[in-house]
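Working notes, beginning with the structure itself.
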Amino acid sequence: MNTPSHMLLGAAVFGRANHARMTAAALLGGLAPDISLYVMAGWALFVQNIPPDVVFGQYYFSREWMQVFAYDNSFILWGGLLGFGLWRRKPLVIAFAGAAILHLVTDFLLHHDDARPHFWPLSDWVFQSPVSYWDSRYYGRIIAPLELLMDFILCFILWQRHRGRWARFVVGGTTAVLFVPLVLWGVAMAGGNGHWH
């Protein structure tokens, strides 16, 4: 799924009404597994001026990038953090790690060519799901609109749950940026491998 979708889902599942810190932890947990991608792709695209088709068609699939993805997309590492949070009874850690694991679960189910190694350090095995959230060859034309529908439902739920001005600003802002990845990844993937249709 797109990163804002992960964030909204994490906040809906692990956030709490009138508990800004808990909801913020869940939002950040939904974001965390994608941070390395944004940092590395942003550096390559905007600092090194490398064309998008090279970044997303070659660099993304390189051994070096996949190794970084193995760290921040590991069920083992995030599971360890969640276990620590449960053991020490740390609600913010539970919300953060739980939302990150929820992110990994949805990625595991919705990535094909761009799947990541989710079981490092125990294994470098990569599961290529038969379903993709964006690739039309793997039902992307069905999943993408369903994801967008889910996002709007989650936004409505979060808007109703959080009455504070700041919380609603965050929900509204996350909703607004839903369209940014759709545009950016559409352009990047079209240039990268031609699978975006």
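The values are calculated or read from the model by the stated rules, or taken from the named source; none is laboratory data. None of the values given here were measured: they were computed from a predicted structure. Note that each Cβ is placed from the backbone with ideal geometry, even for glycine, and that neighbours are counted across all protein chains shown. Note: accessible area is taken over every heavy atom of the protein model, side chains too, but ligands, DNA and RNA are not part of it. Shrake-Rupley method; radii C 1.70, N 1.55, O 1.52, S 1.80 Å.
Selection of segment 23-66 for residues being free of Cβ contacts under 8 Å to residues at least 40 places away in the same chain, within 20 Å of Thr106 (Cα to Cα) and of a type in the set (S, T, N, Q) yields only Ser36.
For segment 128-152, a residue qualifies if it is under 21 Å from Leu37 (Cα atoms) and open to solvent by 60 Å² or more (accessible area, probe 1.4 Å), and exactly one does: Gln128.
Of the conditions (1) over 12 Å from the mean Cα position of the chain (by Cα); (2) open to solvent by 50 Å² or more (accessible area, probe 1.4 Å); (3) β-branched (Val, Ile, Thr), Val105 satisfies every one except a single condition; which number is it? Among (1) over 12 Å from the mean Cα position of the chain (by Cα); (2) open to solvent by 50 Å² or more (accessible area, probe 1.4 Å); (3) β-branched (Val, Ile, Thr), Val105 violates only (1). For Trp125, are the conditions met, namely being within 30 Å of Arg16 (Cα to Cα) and open to solvent by 20 Å² or more (accessible area, probe 1.4 Å)? For Trp125, the condition - within 30 Å of Arg16 (Cα to Cα) and open to solvent by 20 Å² or more (accessible area, probe 1.4 Å) - is not met.
Taking first residues from segment 102-122 that are under 18 Å from Phe61 (Cβ atoms) and partners that are open to solvent by 40 Å² or more (accessible area, probe 1.4 Å) and in a helix (DSSP H, G or I), the Cβ contacts under 6 Å between residues at least 6 apart in sequence or on separate chains come to His112/Tyr138; His118/Phe75; His118/Phe108. Per the conditions (1) open to solvent by less than 50 Å² (accessible area, probe 1.4 Å); (2) closer than 21 Å to Pro4 by Cα; (3) of a type in the set (A, V, I, L, M); (4) part of a helix (DSSP H, G or I), the sole criterion not satisfied by Ala115 is (4). Of the residues that make up segment 161-179, is at least one out of contact with any strand residue (DSSP E or B) (no Cβ under 6 Å at 6 or more places or on another chain), modelled with pLDDT under 90, in a helix (DSSP H, G or I) and closer than 13 Å to Met1 by Cα? Yes - at least one qualifying residue is present in segment 161-179. Of the residues making up segment 53-101, those that are out of contact with any Gly (no Cβ under 6 Å at 6 or more places or on another chain), farther than 20 Å from His118 by Cα and charged (D, E, K, R) number 3.
Among the residues of segment 56-65, is any open to solvent by less than 40 Å² (accessible area, probe 1.4 Å), in a helix (DSSP H, G or I) and among the acidic types (Asp, Glu)? No, that holds for no residue.
Before we move on, is Ala99 within 18 Å of Val170 (Cβ to Cβ), in contact with a His (Cβ under 9 Å, 6 or more places away or on another chain) and at pLDDT 95 or above?
Details: within 18 Å of Val170 (Cβ to Cβ): yes; in contact with a His (Cβ under 9 Å, 6 or more places away or on another chain): yes; at pLDDT 95 or above: yes.
In short, yes.
Against the test of being among the hydrophobic types (A, V, I, L, M, F, W, C) and open to solvent by less than 20 Å² (accessible area, probe 1.4 Å), the options Ala17, Ala25 yield a single qualifying residue, Ala25.
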